[in-house]
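See below for the structure under consideration.
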Amino acid sequence: MDLIMECKALTKVYTNQIALSNVNLQIGKGRIVGLLGPNGSGKTTLIKLTNGLLTPTHGEILIDGEPIGVNSKKKVAYLPDHNFLPQWMTTQQMLGFFADFYEDFNMQKAEEMLKSLEIDKKRKIKTLSKGTQEKVALIMTMSRESQLYMLDEPIAGVDPATRDYILRTIISNYSENATVIISTHLIADVEKVLSDVIFINKGEVALCDTVDNIRQKEGMSVDEYFREVFKC
Amino acid sequence: MSWYFSNDKPIFQQLVDIITTDIIIGKYKLGAKLDTVRDLAVEAGVNPNTMQRALAEIEETGIIYTKRGDGRYVTEDYSKIASIKEKYVNGYTEKYIESLKNLGLNNDEIAEAVKKLLK
């Protein structure tokens with residue numbers, strides 16, 4: 001398997017709390033992977049490590065065979081779980097900003113998605129609703145021609161119809177060799193588009209398998225299986 | 001998204017059933033070209049890898065085939081589709097008979113129950 005991301009004995013410790021403990025993962029190209037786990041299980045920590053926003057305490061991450069650095073950042077498009085949009089800009093201005101900033105930003109793709117979601121480019125970001133801002137943020141991320149998309153809670157704040165649109169956008173836009181990693185709690189909504197899932201619990205990988213294998217072995221959906229595994 | 005999937009079976013298997021049924025009922029005509037994997041995946045709202053796997057599975061039954069560098073086509077040979085249809089008919093019927101047997105019905109009673117509702 002051609003790997004886009006590999007974690008070797010990855011460990012992250014915050015002052016006196018272990019966020020990730022000895023995580024070993026291999027993620028292939030051309031996959032859509034669900035990163036699933038209860039609150040505080042280490043999902044966001046893992047995503048931030050792959051972006052170089054955090055550095056590992058032990059172990060390493062390779063992106064397309066290379067350690068985290070300038071080259072890896074060119075290949076990874078990251079959607080944070082918090083609002084990162086420049087509030088004072090209009091969407092139009094921000095498109096220009098992104099096009100300047102990222103060599104791989106596809107303006108045409110961004111314009112098309114904004115149009116089909118009927119987002120007014122002339123309005124300032126701060127005047128857009130919370131859900132609309134989330135849509136804009138996702139459009140900005142997905143408009144890069146990246147090899148790895150790291151989406152941290154991309155659909156939490158949008159309505160179900162838009163969720164479907166976003167998932168369709170992900171399926172139709174990611175290229176054959178690109179991998180998308182989605183962290184989310186809305187498993188039932190994303191399950192159909194995932195090829196693989198990673199269950200992460202208390203900083204450890206509890207399970208890493210394909211969706212079809214889980215359904216075949218357990219005779220239930222990933223959503224149902226998650227509820228059983230992480231029953232409170 | 002437009003296609004419905006149940007929770008208890010792998011999605012690729014359900015795709016196999018849906019697309020095979022569409023071929024049996026003639027939604028895809030004999031010799032017709034199928035949409036690309038990507039387009040079918042978007043339509044169904046599923047992962048393209050899953051769609052790919054389902055199509056490969058259907059191909060093994062012989063009712064669709066790949067033209068190299070061109071795409072997938074429905075077979076021109078109706079006998080292949082007919083034999084798959086028979087398999088599906090038998091499968092559904094066996095399941096149905098099984099559930100009536102679980103209710104304690106014998107063969108005559110099962111036949112009677114079917115006849116009654118077919119009128």
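Quick check on my filter: what residues within segment B:1-36 are closer than 16 Å to residue B:66 by Cα, polar (S, T, N, Q) and touching a residue at least 40 places away in the same chain (Cβ under 8 Å)? Answer for segment B:1-36, where residues must be closer than 16 Å to residue B:66 by Cα, polar (S, T, N, Q) and touching a residue at least 40 places away in the same chain (Cβ under 8 Å): just B:20.
Exactly one residue among A:124, A:130 is touching a Ser or Thr at 6+ places or on another chain (Cβ under 9 Å), more than 14 Å from chain B (Cβ to nearest Cβ) and not aliphatic (A, V, I, L, M), and that residue is A:124.
Assess whether residue B:61 counts as being out of contact with any Gly (no Cβ under 8 Å at 6 or more places or on another chain), surrounded by 16 or more Cβ atoms within 10 Å (Cβ to Cβ), free of Cβ contacts under 8 Å to residues at least 60 places away in the same chain and within 14 Å of another protein chain (Cβ to nearest Cβ).
Working: out of contact with any Gly (no Cβ under 8 Å at 6 or more places or on another chain): yes; surrounded by 16 or more Cβ atoms within 10 Å (Cβ to Cβ): yes; free of Cβ contacts under 8 Å to residues at least 60 places away in the same chain: yes; within 14 Å of another protein chain (Cβ to nearest Cβ): no.
Taking the combined requirement at face value, the residue does not satisfy it.
Scanning segment B:35-47 turns up no residue that is touching a helix residue (DSSP H, G or I) at 6+ places or on another chain (Cβ under 8 Å), away from chain A (no Cβ under 14 Å) and surrounded by 15 or more Cβ atoms within 10 Å (Cβ to Cβ).
Looking at A:85, A:95, which is the one that is open to solvent by less than 40 Å² (accessible area, probe 1.4 Å) and modelled with pLDDT of 95 or more? Full working, then the answer.
Numbers: A:85 fails: modelled with pLDDT of 95 or more.
The match here is A:95.
Restricting attention to segment A:194-210, the residues that are closer than 25 Å to residue B:9 by Cβ and open to solvent by less than 50 Å² (accessible area, probe 1.4 Å) add up to 9.
Per the listing B:72, B:38, the residue uniquely part of a helix (DSSP H, G or I) and either under 22 Å from residue A:212 (Cβ atoms) or touching a strand residue (DSSP E or B) at 6+ places or on another chain (Cβ under 8 Å) (or both) is B:38. The residues of segment A:28-46 that are open to solvent by 10 Å² or more (accessible area, probe 1.4 Å) and within 14 Å of residue A:6 (Cα to Cα), listed by number, are A:29, A:31. Scanning segment A:57-115 for residues being touching a residue at least 24 places away in the same chain (Cβ under 8 Å) and at negative phi gives a total of 37.
Does residue B:80 meet the test of being away from every other protein chain (no Cβ under 11 Å), touching a residue at least 24 places away in the same chain (Cβ under 8 Å) and in contact with a Gly (Cβ under 8 Å, 6 or more places away or on another chain)? If you could, list the steps in order and put the result at the bottom.
Numbers: away from every other protein chain (no Cβ under 11 Å): yes; touching a residue at least 24 places away in the same chain (Cβ under 8 Å): no; in contact with a Gly (Cβ under 8 Å, 6 or more places away or on another chain): yes.
Here the answer is no, as residue B:80 does not meet what is asked.
So that you can scan it fast, the table gives a plain yes or no per residue for (1) open to solvent by less than 50 Å² (accessible area, probe 1.4 Å); (2) in contact (Cβ under 8 Å) with a residue 60 or more places away in the chain; (3) assigned to a helix (DSSP H, G or I):
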site	(1), (2), (3)
A:161	no, no, yes
A:166	yes, no, yes
A:169	yes, no, yes
A:172	no, no, yes
A:182	yes, yes, no
A:192	yes, no, yes
A:215	yes, no, yes
A:225	yes, no, yes
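Search segment A:194-213 for residues being part of a helix (DSSP H, G or I) and within 23 Å of residue A:166 (Cα to Cα), and hand back the single one that is nearest to the other protein chains (Cβ to nearest Cβ). First the steps, then the outcome.
Of all residues in segment A:194-213, those part of a helix (DSSP H, G or I) come to A:211-213.
Filter once more, so that each one left must be within 23 Å of residue A:166 (Cα to Cα): A:211-212.
On the way: A:211: 7, A:212: 4 Å.
The selected residue is A:212.
Looking for something within 30 Å of residue A:117 (Cβ to Cβ), at the interface with another protein chain (Cβ under 9 Å from one of its Cβ atoms) and under 16 Å from the mean Cα position of the chain (by Cα) - is there at least one such residue anywhere in segment A:182-191? So far as segment A:182-191 goes, yes, one or more of its residues are within 30 Å of residue A:117 (Cβ to Cβ), at the interface with another protein chain (Cβ under 9 Å from one of its Cβ atoms) and under 16 Å from the mean Cα position of the chain (by Cα).
The values are calculated or read from the model by the stated rules, or taken from the named source; none is laboratory data. Since this is a predicted model, take the numbers as computed values, not measurements. Note that each Cβ is placed from the backbone with ideal geometry, even for glycine, and that neighbours are counted across all protein chains shown. Just the protein is used for accessible areas: all its heavy atoms, side chains included, with ligands, DNA and RNA removed. Shrake-Rupley method; radii C 1.70, N 1.55, O 1.52, S 1.80 Å.
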